[in-house]
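Taken together, the values in this text are just the output of simple stated rules run on the coordinates, not laboratory data. Everything numeric in this text was worked out from a predicted model, so none of it was measured.
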Amino acid sequence: MTLTKYKKKRDFNSTPEPEGTVKKTGDKKLNFVIHRHKASHLHYDFRLELNGVLISWAVPKGPSMNPADKRLAMMVEDHPLDYETFKGIIPGGYGAGIVEIWDHGTYEHIDQPEFSKTEKKLSAALKKGDLKIIVHGRKLKGEFAIIKFGDKDKNTWLLVKHKDKYAVSTNYNSEDLTPKSSRINIALKKK
């Protein structure tokens, strides 16, 4: 895990985004965060703490609690752990726009909740292209899979909710769970 691509794409003299470093976090639960990001297009960034960074996917339609929804998730560069609490306005350039935190919490490998072993299992699953996790968020809860598909050299994945006690069978739209007072919604109304 590295932050080389992350740092290459940003000018830290003009962006409020954290420069960050790869950090080992010790023996604790792993965190996740979902950013709602209004850049050239509104999308959600799904980020999982792993091996000292946040591995990240851009999810154009946002996550879903309905297992029938197969959400496209494009893997993007790793982000520093400091990005977990980042929210604000990114000025012109890469990723320009407004970033807000949509959900956050902890997560673990579906078969290995013990932290000392879960990072190894998650790393192997990531390399294989088949992550199965349990998330404990405010909005997202339960089992999910993040599965790589298509050409192995592409960054195309799917984010899919498993059928469990938290799953819904009705239409699910992440936007319905976003307050009307969100900074992005206010900015969109002004246009």
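Table for the structure above
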{"quantity": "Whole-number percent relative contact order across the chain, with pairs defined as alpha carbons under 8 Å at least 6 apart", "calculated": "22"}
{"quantity": "Cα-based shape type of the stretch 86-191, given that a ≥ b ≥ c are square roots of the gyration tensor eigenvalues and the cut on a/c is 1.5", "calculated": "prolate"}
{"quantity": "Spatial separation of Cα centroids for the stretch 1-22 and the stretch 47-97, in angstrom", "calculated": "14"}
{"quantity": "Quarter of the Cα convex hull surface for the stretch 4-165, i.e. its orientation-mean projected area (nm²)", "calculated": "9.3"}
{"quantity": "222 nm mean residue ellipticity, helices alone, for the chain (DSSP H n ≥ 4; -39,500 (n - 2.57); rounded to 500)", "calculated": "-4000 deg cm²/dmol"}
{"quantity": "Of PHE12, PHE144, PHE32, the one that fluctuates the most in a GNM where the chain has Cα springs shorter than 10 Å", "calculated": "PHE12"}
